[in-house]
Each structure stands twice: as structure tokens, then as C-alpha cells.
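First comes the structure, then the notes that go with it.
Every number here is computed from the coordinates shown, using simple stated rules; none is lab data. This one's a predicted model, so the numbers in the text were calculated from it and none came from an experiment. Here Cβ is always computed from backbone atoms with ideal geometry, including for glycine, and neighbour counts include all displayed protein chains.
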Amino acid sequence: MRTTVQDVMTAQVVSVNSRTPFKDIAEALITHGVSAVPVVHESNYVLGVVSEADLLCKEEFREQYYGDAYQPPLRARLRHLMAQEGGGLRRKAVGDTAAELMTSPAITVSPRSSTVTAARLMNKHGVKRLIVAEDGYLEGIVSRGDLLKTFVRADSDIAREIREEVLEGSLRMESSGIAVHVDRGVVTLNGWMDRRSETMLATRMAHRVSGVVDIIDKLIWRYDDSKRAVDSFSSSS
């Protein structure tokens, strides 16, 4: 039911080592149409990541480090002032190899993590892609575009999974009394259930199915046990 990072990631990854020169890194980014490459040890252990932004530090601070009549944009100068104490941008601006240019440690995600976890990491760190690593070793790359793949499943596949794996499988319910209609990822649930708590659980679990955009809950219950379920949980915790 849960889509994991390894289900959507790109396994064939362009990488560089710590000694790769600046120009070779730039050519790799352009040739393969990517915005960042992982920096790995010979054993494929992830050391860091070099992005387009890391390489552009050299251009942003050309005037200061190379004496050209060039004035970096205000945003670049502010970044430099904020990084003076740590020297991070200074190091990148004069760097010539991946080891000097990379951001380390790299932001990574496990291949077994859910796509939701990956999306939250991207949002938290403001990045467009994550290195996929297991115990520090490179497994692949997952991008925002990869995560969107979960929303292009056929409506019939989504409906089948909700009936067979959610209702009949996890909840052990008879799905014949529940109508599952899916239109462009929006799921409508119609029918009767004995308890309100069952309808709440069915709706919540259906929402976790990969490809579901939204749930329209039209389920009706015979017995409202929702308050009892809440009270029982509160007293046991």
C-alpha cells in the first residue's frame, strides 16, 4: 500500500569522486541534465553533494576572489556575509575539486522510507532532489518529479487496492456493500458500515493509498461509537 522511495527513485546515478575537477563536474551536470551530483568514495560511500549553486559560488564572488570588475547581486553578497565566519562560501568560491566544492554531509533518505517522508525532507531543506543511501552507501537519487509518479496511477488500480487491500485485507470487511469510485485520483466511498469508527478508519487508510488525491466520505454508519473509541483510547494512554 505504501509507496517507498525505492519504488520511484532513479537507480542509475551520475556521481563524482572527491578529486573530480570543477570543469568535469560542470560538464556532468550539463550532459546529464541534473542539478546536483553525489560525491562518493571509491566504495560508493556518500561523502557529500555538489550542486549548480555550489559551482556558481565561483561566479558570484568573482570580483572578490579574482579582481574582475564584477559586482555580485545583493542576494549573493548577503549569502557571503552570512557565511564569512564559517568560510563555507569562501571555500567553494576558490575550490577546484569536488572535495572543496561539495556540501557535506549530504541530505539523504533511505530507500525504504515512504515518499511522504522524502517530500517532507525536500520541503524542510529546500532542495529539489535527495540522495538515496543505505548505511551511507549510494543507492540512487529521488527528485520531486519522481515523487509525482505516485499520482499518475490508473483510477482502476486505486479502486482495486482500496477494495482488496484496505477493506477486505487490512479491515477484513465485506467490500460488496461499499461502493468505491475513483475519478482522477479523487476517491468517493459510498455505503453502510456497522460502526462509525469503522468508517473513520476506512477513510483514513484509503487516504494512504498511493495515487489518492482526496477522499469524499459518503459512508453511513448504524452505530456511533466514535466517542467511546476516543474515551477508551484516552483512558488507556
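Please give the FRET efficiency for residue 35 paired with residue 121, using the beta carbon to beta carbon distance and R0 = 22 Å, rounded to the nearest 0.05. Plugging the Cβ-Cβ distance into 1/(1 + (r/R0)^6) gives 0.85.
Protection proxy ranking, highest mean first, for peptides 10-21, 202-213: 202-213, 10-21, where packing is the per-residue count of other beta-carbon atoms within 10 Å, averaged. As a calculated quantity, the FRET efficiency between residue 10 and residue 156 at R0 = 25 Å, using C-beta atoms, amounts to about 0.40. Spread over its residues, the convex hull of the C-alpha atoms of region 15-59 is 68 Å³ per residue.
A compact globular protein would have a Cα radius of gyration near 2.2 N^0.38 Å; the ratio found for region 155-236 is 1.10.
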